[in-house]
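These notes are about the structure you will find just below.
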Amino acid sequence: MAAIPLCDAPLVSLKKRLRDEFAEVKSSHLTEAFAYCLGFRTYAALRAAMTGPESDRPFYFLDPERFLLRLSQLGYPVDPKDAEFDFEPWYVGDGVIETIPVSAYRMEYRTTRERAWRNLMVCAVNAGLEQKLFTLKPGDDRFNDDMRSGHLFDFMLPNGLPARGAVADAGFDELAIHAAVNPKGDGVRVFEAGFSAGDVFGTTWLERRRGAWIQSTPDGFRCRKPLLAQLAELNAKPQGFGDRGELIM
(Lines give C-alpha, C1' and ligand atoms only; values in the text may rest on other atoms or scores of the structure.)
Protein backbone atom coordinates (compact mmCIF):
# COMPACT_ATOMS: atom_id res chain seq x y z
CA MET A 1 0.00 0.00 0.00
CA ALA A 2 1.31 3.45 -0.89
CA ALA A 3 1.31 6.45 1.44
CA ILE A 4 1.28 10.21 0.92
CA PRO A 5 1.84 13.22 3.18
CA LEU A 6 -1.02 15.68 3.72
CA CYS A 7 0.68 18.40 1.70
CA ASP A 8 -0.81 20.40 -1.16
CA ALA A 9 1.71 19.63 -3.92
CA PRO A 10 1.66 15.81 -3.72
CA LEU A 11 -2.12 15.74 -3.23
CA VAL A 12 -2.70 17.94 -6.28
CA SER A 13 -0.24 15.90 -8.35
CA LEU A 14 -1.90 12.63 -7.42
CA LYS A 15 -5.39 13.94 -8.19
CA LYS A 16 -4.23 14.97 -11.67
CA ARG A 17 -3.01 11.42 -12.29
CA LEU A 18 -6.28 10.00 -11.01
CA ARG A 19 -8.27 12.27 -13.33
CA ASP A 20 -6.39 10.79 -16.29
CA GLU A 21 -7.29 7.25 -15.22
CA PHE A 22 -10.86 7.97 -14.10
CA ALA A 23 -11.85 10.54 -16.71
CA GLU A 24 -15.55 9.68 -16.44
CA VAL A 25 -15.71 10.67 -12.75
CA LYS A 26 -16.75 14.21 -11.83
CA SER A 27 -13.92 16.20 -10.25
CA SER A 28 -15.82 16.75 -7.01
CA HIS A 29 -16.63 13.05 -6.70
CA LEU A 30 -13.04 12.11 -7.41
CA THR A 31 -11.94 14.47 -4.64
CA GLU A 32 -14.35 12.87 -2.16
CA ALA A 33 -13.21 9.35 -3.09
CA PHE A 34 -9.60 10.48 -2.78
CA ALA A 35 -10.22 11.79 0.74
CA TYR A 36 -12.10 8.62 1.70
CA CYS A 37 -9.24 6.39 0.58
CA LEU A 38 -6.97 8.29 3.00
CA GLY A 39 -9.28 7.47 5.89
CA PHE A 40 -11.33 10.68 6.02
CA ARG A 41 -15.12 10.70 5.81
CA THR A 42 -15.15 13.80 3.58
CA TYR A 43 -12.77 16.07 1.70
CA ALA A 44 -13.64 18.83 4.17
CA ALA A 45 -12.36 16.61 6.98
CA LEU A 46 -9.13 16.04 5.05
CA ARG A 47 -8.62 19.78 4.61
CA ALA A 48 -9.27 20.37 8.31
CA ALA A 49 -6.45 17.95 9.12
CA MET A 50 -3.95 19.86 6.96
CA THR A 51 -2.60 22.11 9.70
CA GLY A 52 0.86 23.16 10.81
CA PRO A 53 4.07 23.26 8.76
CA GLU A 54 3.99 20.97 5.73
CA SER A 55 7.34 19.51 6.76
CA ASP A 56 5.68 18.10 9.90
CA ARG A 57 2.57 16.61 8.34
CA PRO A 58 2.13 12.85 8.63
CA PHE A 59 1.85 10.27 5.89
CA TYR A 60 -1.47 8.49 5.29
CA PHE A 61 -2.07 5.19 3.53
CA LEU A 62 -3.81 5.26 0.15
CA ASP A 63 -6.39 2.48 0.36
CA PRO A 64 -7.53 1.43 -3.14
CA GLU A 65 -10.50 -0.58 -1.81
CA ARG A 66 -11.87 2.45 0.04
CA PHE A 67 -11.30 4.57 -3.08
CA LEU A 68 -13.35 2.24 -5.30
CA LEU A 69 -15.99 1.78 -2.60
CA ARG A 70 -16.58 5.52 -2.32
CA LEU A 71 -16.81 5.84 -6.11
CA SER A 72 -19.46 3.11 -6.18
CA GLN A 73 -21.37 4.90 -3.41
CA LEU A 74 -21.30 8.04 -5.55
CA GLY A 75 -22.85 6.21 -8.49
CA TYR A 76 -19.87 4.84 -10.41
CA PRO A 77 -20.12 1.03 -10.64
CA VAL A 78 -16.72 -0.60 -10.42
CA ASP A 79 -15.62 -1.76 -13.85
CA PRO A 80 -13.97 -5.22 -13.84
CA LYS A 81 -10.82 -3.61 -15.24
CA ASP A 82 -10.70 -1.32 -12.20
CA ALA A 83 -11.10 -4.13 -9.66
CA GLU A 84 -7.33 -4.63 -9.55
CA PHE A 85 -6.65 -0.89 -9.22
CA ASP A 86 -3.83 -0.02 -6.82
CA PHE A 87 -1.78 3.07 -6.01
CA GLU A 88 1.40 1.02 -6.43
CA PRO A 89 3.61 0.94 -8.36
CA TRP A 90 2.44 3.45 -10.98
CA TYR A 91 1.61 6.21 -8.52
CA VAL A 92 4.86 6.13 -6.54
CA GLY A 93 6.69 9.44 -6.94
CA ASP A 94 5.80 13.11 -6.50
CA GLY A 95 5.49 12.56 -2.76
CA VAL A 96 3.81 9.15 -2.87
CA ILE A 97 5.96 6.47 -1.23
CA GLU A 98 5.92 2.69 -1.30
CA THR A 99 5.37 0.83 1.98
CA ILE A 100 5.30 -2.77 0.78
CA PRO A 101 8.61 -4.00 -0.64
CA VAL A 102 8.64 -7.16 -2.78
CA SER A 103 10.08 -9.10 0.17
CA ALA A 104 7.03 -8.25 2.29
CA TYR A 105 4.87 -10.67 0.31
CA ARG A 106 7.08 -13.53 1.51
CA MET A 107 6.74 -12.62 5.17
CA GLU A 108 4.10 -13.26 7.80
CA TYR A 109 4.03 -12.82 11.56
CA ARG A 110 2.70 -16.24 12.46
CA THR A 111 3.81 -16.75 16.04
CA THR A 112 2.89 -14.89 19.22
CA ARG A 113 6.52 -13.88 19.57
CA GLU A 114 6.70 -12.44 16.05
CA ARG A 115 3.47 -10.49 16.51
CA ALA A 116 4.70 -9.13 19.85
CA TRP A 117 7.93 -7.91 18.23
CA ARG A 118 6.02 -6.37 15.35
CA ASN A 119 3.64 -4.47 17.64
CA LEU A 120 6.43 -3.13 19.86
CA MET A 121 8.45 -1.83 16.91
CA VAL A 122 5.39 -0.28 15.22
CA CYS A 123 4.59 1.53 18.49
CA ALA A 124 8.19 2.73 18.81
CA VAL A 125 8.29 4.16 15.27
CA ASN A 126 4.85 5.72 15.74
CA ALA A 127 6.08 7.40 18.94
CA GLY A 128 9.17 8.77 17.19
CA LEU A 129 6.99 10.22 14.43
CA GLU A 130 4.51 11.71 16.91
CA GLN A 131 7.34 13.31 18.89
CA LYS A 132 8.75 14.70 15.62
CA LEU A 133 12.15 13.09 16.14
CA PHE A 134 12.16 12.11 12.46
CA THR A 135 9.81 11.77 9.49
CA LEU A 136 9.43 9.14 6.79
CA LYS A 137 11.29 11.33 4.31
CA PRO A 138 14.88 10.29 3.52
CA GLY A 139 17.37 12.06 5.78
CA ASP A 140 14.78 14.05 7.73
CA ASP A 141 16.23 13.45 11.21
CA ARG A 142 15.55 15.94 14.00
CA PHE A 143 16.96 14.20 17.05
CA ASN A 144 20.15 15.08 18.88
CA ASP A 145 22.68 12.25 18.81
CA ASP A 146 26.02 14.02 19.16
CA MET A 147 27.57 11.00 20.89
CA ARG A 148 26.19 8.65 18.19
CA SER A 149 24.88 6.35 20.90
CA GLY A 150 21.18 6.77 20.15
CA HIS A 151 18.69 9.46 21.12
CA LEU A 152 16.40 8.32 23.94
CA PHE A 153 12.63 8.91 23.97
CA ASP A 154 9.85 7.68 26.23
CA PHE A 155 6.35 6.61 25.25
CA MET A 156 3.40 4.53 26.44
CA LEU A 157 2.07 1.42 24.78
CA PRO A 158 -1.68 1.24 24.03
CA ASN A 159 -2.10 -1.05 27.04
CA GLY A 160 -0.51 1.50 29.38
CA LEU A 161 2.90 -0.12 29.79
CA PRO A 162 5.84 2.32 29.86
CA ALA A 163 8.42 2.03 27.11
CA ARG A 164 11.66 3.70 26.10
CA GLY A 165 13.09 3.95 22.63
CA ALA A 166 16.44 4.83 21.13
CA VAL A 167 16.90 6.10 17.58
CA ALA A 168 20.16 6.55 15.69
CA ASP A 169 21.28 7.27 12.14
CA ALA A 170 22.20 3.95 10.52
CA GLY A 171 23.36 5.45 7.22
CA PHE A 172 21.77 5.18 3.76
CA ASP A 173 18.72 7.08 5.10
CA GLU A 174 17.92 4.22 7.48
CA LEU A 175 17.25 4.62 11.19
CA ALA A 176 18.18 2.09 13.85
CA ILE A 177 15.24 1.83 16.27
CA HIS A 178 15.48 0.06 19.65
CA ALA A 179 12.66 -0.25 22.19
CA ALA A 180 12.28 -1.61 25.72
CA VAL A 181 9.21 -2.14 27.91
CA ASN A 182 9.49 -1.40 31.64
CA PRO A 183 12.87 0.10 30.75
CA LYS A 184 15.99 0.06 32.90
CA GLY A 185 18.06 3.24 32.54
CA ASP A 186 19.55 3.85 29.11
CA GLY A 187 20.37 0.20 28.36
CA VAL A 188 18.01 0.33 25.37
CA ARG A 189 20.76 2.07 23.42
CA VAL A 190 22.84 -1.13 23.26
CA PHE A 191 22.22 -3.27 20.18
CA GLU A 192 22.13 -6.62 21.99
CA ALA A 193 20.97 -5.32 25.37
CA GLY A 194 18.37 -8.02 25.94
CA PHE A 195 16.82 -8.03 29.42
CA SER A 196 19.41 -5.54 30.68
CA ALA A 197 17.32 -2.89 28.84
CA GLY A 198 13.96 -3.91 30.33
CA ASP A 199 11.40 -6.69 30.53
CA VAL A 200 11.05 -6.58 26.74
CA PHE A 201 13.66 -5.55 24.17
CA GLY A 202 13.52 -5.37 20.38
CA THR A 203 15.30 -3.70 17.48
CA THR A 204 14.61 -2.87 13.85
CA TRP A 205 15.78 -0.65 11.02
CA LEU A 206 13.41 1.85 9.41
CA GLU A 207 13.96 2.03 5.66
CA ARG A 208 13.27 5.44 4.10
CA ARG A 209 15.19 5.64 0.81
CA ARG A 210 13.19 3.18 -1.33
CA GLY A 211 9.98 3.75 0.59
CA ALA A 212 9.10 3.44 4.26
CA TRP A 213 8.90 0.18 6.19
CA ILE A 214 10.43 -1.57 9.18
CA GLN A 215 12.81 -4.41 8.42
CA SER A 216 11.62 -7.65 10.01
CA THR A 217 14.29 -8.62 12.53
CA PRO A 218 12.59 -10.44 15.44
CA ASP A 219 15.51 -12.85 16.01
CA GLY A 220 17.05 -10.68 18.73
CA PHE A 221 13.71 -10.05 20.44
CA ARG A 222 13.60 -10.71 24.20
CA CYS A 223 10.35 -10.75 26.16
CA ARG A 224 9.40 -11.91 29.66
CA LYS A 225 6.79 -14.62 29.26
CA PRO A 226 3.99 -12.82 31.20
CA LEU A 227 4.16 -9.89 28.73
CA LEU A 228 4.30 -11.86 25.49
CA ALA A 229 0.56 -12.29 24.95
CA GLN A 230 -0.13 -8.68 26.00
CA LEU A 231 2.18 -7.34 23.31
CA ALA A 232 0.96 -9.78 20.66
CA GLU A 233 -2.62 -8.58 21.19
CA LEU A 234 -1.91 -4.87 20.88
CA ASN A 235 -3.79 -2.97 18.18
CA ALA A 236 -0.71 -1.28 16.69
CA LYS A 237 -1.34 0.45 13.35
CA PRO A 238 1.65 1.91 11.47
CA GLN A 239 1.39 5.63 10.78
CA GLY A 240 2.16 5.65 7.06
CA PHE A 241 4.92 2.99 6.93
CA GLY A 242 4.99 -0.72 6.21
CA ASP A 243 5.30 -3.28 8.98
CA ARG A 244 7.46 -5.89 7.22
CA GLY A 245 10.37 -6.40 4.86
CA GLU A 246 13.57 -8.41 4.71
CA LEU A 247 16.73 -7.12 6.34
CA ILE A 248 18.62 -4.94 3.86
CA MET A 249 22.29 -5.85 3.77
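Quick notes on this one:
- A simple charge model with +1 on the Cβ of Lys and Arg, -1 on the Cβ of Asp and Glu and nothing else charged puts the dipole of segment 20-116 at about 520 debye relative to its Cα centre.
- Candidates 76, 43, 91, ranked by Gaussian network fluctuation over the chain, Cα under 10 Å, top entry: 76
- Cross-link reach list, aspartates and glutamates versus residue 132, counting only Cα pairs under 14 Å and skipping chain neighbours closer than eight places: 54, 56, 140, 141, 154
- Taking segment 151-231 and dividing mean pair separation by its residue count, relative contact order in percent (alpha carbons under 8 Å, at least six apart): 22 percent
- Mean separation of Cα pairs under 8 Å and 6 or more residues apart, divided by the residue count, gives the chain a relative contact order of 20 percent.
- Listed by chain and number, the lysines placed with their C-alpha closer than 22 angstrom to that of residue 184 are 225; residues fewer than eight positions away on the same chain are left out.
- Loop-located chymotrypsin sites (Phe, Trp or Tyr not before Pro) in segment 55-88 (DSSP state other than H, G, I, E, B) with a sparse environment of at most 10 neighbouring Cβ atoms within 10 Å are absent.
- Backbone phi angles across segment 189-204, fed through the Karplus curve with coefficients 6.51, -1.76 and 1.60 (θ = phi - 60°), yield HN-Hα couplings of 5, 6, 4, 10, 5, x, 6, 5, 8, x, 6, 9, 8, x, 9, 7 Hz in residue order; Gly and Pro are listed as x.
- Remark: the chain carries a charge dipole of roughly 540 debye about the Cα centre, counting +1 on each Lys and Arg Cβ and -1 on each Asp and Glu Cβ.
- Top positive-direction residue, dipole computed over segment 59-121 with Cβ charges, set 104, 120, 59: 120
- Nearest-20 debye value, segment 103-244 charge dipole, Cβ charges on Lys, Arg, Asp, Glu: 400 debye
- For peptides 121-129, 227-235, sequence by mean Cβ density within 10 Å, most packed first: 121-129, 227-235
- Each listed q (0.15 Å⁻¹) maps to a log10 I(q)/I(0) for the chain, found by the Debye formula over equal Cα scatterers with no solvent: -1.03.
- Sparse packing (at most 15 other Cβ atoms within 10 Å of the Cβ) combined with a DSSP loop state is found for the following trypsin sites (Lys or Arg not before Pro) in segment 158-249: 184, 209, 210, 224.
- For segment 1-101, the alpha-carbon radius of gyration amounts to 1.02 times the rule-of-thumb value 2.2 N^0.38 Å expected for a compact globular protein.
- Taking the accessible area of segment 1-86, probe 1.4 Å, and keeping the other protein chains in place, the carbon and sulfur fraction comes to 53%.
- For segment 147-207, applying the loop criterion from DSSP together with a ceiling of 11 other beta carbons within 10 Å to the GluC sites (Glu not before Pro) yields 192.
- For the chain, DSSP calls about 95 percent of its internal beta bridges antiparallel.
- Bridgeable lysines around residue 137 (alpha carbons under 30 Å apart, same-chain partners fewer than 8 residues away excluded): 15, 16, 237.
- Residue 27-residue 51 FRET efficiency (beta carbon distance; Förster radius 35 Å; 0.05 resolution): 0.90
- Debye log10 I(q)/I(0) for segment 162-249, one point scatterer per Cα, at q = 0.21 Å⁻¹: -1.07
- Sum of side-chain charges, residue 198 neighbourhood, beta-carbon under 13 Å (Lys, Arg +1; Asp, Glu -1): +2
- Part-to-part distance (alpha-carbon centres) for segment 180-249 and segment 23-92, which is given in Å: 31 Å
- Sum of side-chain charges, residue 155 neighbourhood, beta-carbon under 14 Å (Lys, Arg +1; Asp, Glu -1): 0
- Taking the charge dipole of the chain about its Cα centre, with +1 at Lys and Arg Cβ atoms and -1 at Asp and Glu Cβ atoms, the residue from 161, 22, 71 reaching farthest to the positive side is 161.
- If you sort the three axes of the alpha carbon gyration tensor as a ≥ b ≥ c, you get a/c of 1.5 or more for segment 113-159 and a/b above b/c, which makes it prolate.
- The distance between label points at residue 149 and residue 113 comes to 3.1 nm (points 7 Å beyond Cα on the Cα→Cβ vector).
The values are calculated or read from the model by the stated rules, or taken from the named source; none is laboratory data. Since this is a predicted model, take the numbers as computed values, not measurements. Don't worry about glycine lacking a Cβ; one is built from the backbone with ideal geometry, like all the others, and counts go over all protein chains shown. Keep in mind that these areas ignore ligands, DNA and RNA; they rest on the heavy atoms of the full protein, side chains included. Shrake-Rupley method; radii C 1.70, N 1.55, O 1.52, S 1.80 Å.
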